[in-house]
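Peer 1: After the structure tokens below, expect a handful of questions from me.
The values are calculated or read from the model by the stated rules, or taken from the named source; none is laboratory data. In this text, all values refer to a predicted model and were calculated from it rather than measured experimentally. Reconstructed Cβ throughout: ideal geometry from the backbone, glycine too, with neighbour counts over all protein chains shown. Surface areas here come from the heavy atoms of the whole protein model, side chains and all, with no ligands, DNA or RNA. Shrake-Rupley method; radii C 1.70, N 1.55, O 1.52, S 1.80 Å.
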Amino acid sequence: MSKRKSKETCLTHGECISQTQTMLRERFCHQKIPGKPFGVESQHKHLLELLKRTAVHGESNSVLIVGPRGAGKTMLLNCVLNELLEVKHVQENVLQVQLNGLLQTDDRIALKEITRQLHLENVVGDKVFGSFAENLAFLLEALKKGDRSSSRPVLFILDEFDLFAHHKNQTLLYNLFDVSQSAQTPVAVIGLTCRLDVLELLEKRVKSRFSHRQIHLLSSFRFKQYLEIFKMQLSLPEDFTDRRFAEEWNQNIKSLCEDRSVEDVLQKHFCSSKDFRSLHMLLMLALSRVTVSHPAIKPTDLLEASRLCTMDSKANILHGLSVLELCLIIAMKHLNDIYDGEPFNFQMVYNEFQKFIQRKSHSVHNFEKPVVIKAFEHLHQLELIKPMEGPSVRTQKEYQLVKLLLDNSQIMDALQKYPQCPTDVKQWAASAFG
């Protein structure tokens, strides 16, 4: 009987951990935040007021949210939209169209996407008639419901807004801003961009129709607030299924924030990047170590997660190279030292490698030239070397100039960690000149 009870308790504990994992992973992956975004209260209020005017009062508006990547632009917008859609009248009436400059690369694709998101394919069919402006006007007219005076507000969200400025004649932007200036369908155009000079990219006719409202997110919070965000992101809500487990978890997170080693890790991340994405990546790696047998995040988990986050990806590639490829990298290192960073070609690398083979033929096999060329091409595919001339320049493979994309410290670190690396190769790398 006692065995069965303990099994049930263990299962419940496992379910709690599973629910915690699901909840926090969703928060990190989808940038879902508990409560309002931190440190951007005035921007949140401003954007909410603007969108309320469109959604509730039928006013047209346009606004740009500007800030560096990872500053929380999309997170702020999603938070405002969630708050707005809690009002039943708004939820029933407001339509959203989400476009991305990386996906909708021209106006024709953008128009198809607008039609799809507004569920008007059956109205337009496959044919695209008239100019872009006529099409857009027809689509917006199609949204009229009841009598012609009342129509459903539409929120156009343009991610990577600066890329839409590169479309031919900026037709999409011109028409969206034109509709937002006229007394037609209530429209709010919200652009998200990381370029501060975005207005300089707009044509005069487009710029004149834009409201020039800009909301700036510049991550101006201090480390104390960053620590608060860290705590808030890992904490479980009060309405969690198992209240006792939630209290224990939150208490552990609180003691984690007071740990000196954790503070040092966060200070390092804060100094290199204040964005939420890098913080979420750190937390995701730490959370992945939580299991039934390891039910809480420990300082060592964060230290390991930090090590994985800051790991040098180029140096990691070196660990998987063959000894021949490693020898070619060392030969390039010596050429860099001799010629002070000047570009070199395969023939120079091969000659350097041959000199080493003649001296230490007993420790490294002497490969045929075609095999060495193949190894050299593999380094090119891994982007450890970069050609200095464009593909249009016709030069023999052996004589194409290339540059090494690794520095000496990365090569030496990788050699120390390389499994069963021949001693002669290590000594050759450490010698001043090959």
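Peer 1: Kindly evaluate Met311 against the criterion of being out of contact with any strand residue (DSSP E or B) (no Cβ under 7 Å at 6 or more places or on another chain), open to solvent by 60 Å² or more (accessible area, probe 1.4 Å), within 30 Å of Asn408 (Cβ to Cβ) and not in a loop (DSSP other than H, G, I, E, B).
Peer 2: Judged against the criteria, Met311 is not a match.
Peer 1: Taking the conditions exactly as written (in a helix (DSSP H, G or I) and either open to solvent by 60 Å² or more (accessible area, probe 1.4 Å) or touching a His at 6+ places or on another chain (Cβ under 9 Å) (or both)), does Lys374 satisfy them or not?
Peer 2: Against the criterion (in a helix (DSSP H, G or I) and either open to solvent by 60 Å² or more (accessible area, probe 1.4 Å) or touching a His at 6+ places or on another chain (Cβ under 9 Å) (or both)), Lys374 qualifies.
Peer 1: Of all residues in region 63-99, how many are more than 26 Å from the chain's Cα centre (by Cα) and under 25 Å from Glu113 (Cα atoms)?
Peer 2: The qualifying residues number 8.
Peer 1: When residues of region 320-364 are filtered for being part of a loop (DSSP other than H, G, I, E, B), under 14 Å from Leu379 (Cβ atoms) and open to solvent by less than 60 Å² (accessible area, probe 1.4 Å), how many remain?
Peer 2: Total satisfying the criteria: 3.
Peer 1: Continuing with this model, one more query. Test of understanding: among His378, His365, which residue is modelled with pLDDT of 90 or more and within 15 Å of Val323 (Cα to Cα)?
Peer 2: None of the others qualify; the one that does is His378.
Peer 1: Right, something else. Taking Glu49 as the residue in question, decide whether it is within 19 Å of Ile157 (Cα to Cα), out of contact with any helix residue (DSSP H, G or I) (no Cβ under 7 Å at 6 or more places or on another chain), exposed (fewer than 14 other Cβ atoms within 10 Å of the Cβ) and modelled with pLDDT of 85 or more.
Peer 2: Against the criterion (within 19 Å of Ile157 (Cα to Cα), out of contact with any helix residue (DSSP H, G or I) (no Cβ under 7 Å at 6 or more places or on another chain), exposed (fewer than 14 other Cβ atoms within 10 Å of the Cβ) and modelled with pLDDT of 85 or more), Glu49 qualifies.
Peer 1: Sticking with this one: I'm told Phe353 meets every condition in (1) touching a residue at least 40 places away in the same chain (Cβ under 8 Å); (2) in contact with a helix residue (DSSP H, G or I) (Cβ under 6 Å, 6 or more places away or on another chain) except one. Can you identify the failing condition by its number?
Peer 2: (1)
Peer 1: Let me ask another. Kindly indicate whether Lys207 is open to solvent by less than 70 Å² (accessible area, probe 1.4 Å) and either in a helix (DSSP H, G or I) or not basic (Lys, Arg) (or both).
Peer 2: Spelling it out, Lys207 is indeed open to solvent by less than 70 Å² (accessible area, probe 1.4 Å) and either in a helix (DSSP H, G or I) or not basic (Lys, Arg) (or both).
Peer 1: Here is a further query. Could you tell me which of the residues Phe270, Phe245 is modelled with pLDDT under 90, within 26 Å of Phe221 (Cα to Cα), in a helix (DSSP H, G or I) and open to solvent by less than 70 Å² (accessible area, probe 1.4 Å)?
Peer 2: From the options Phe270, Phe245, the qualifying one is Phe270.
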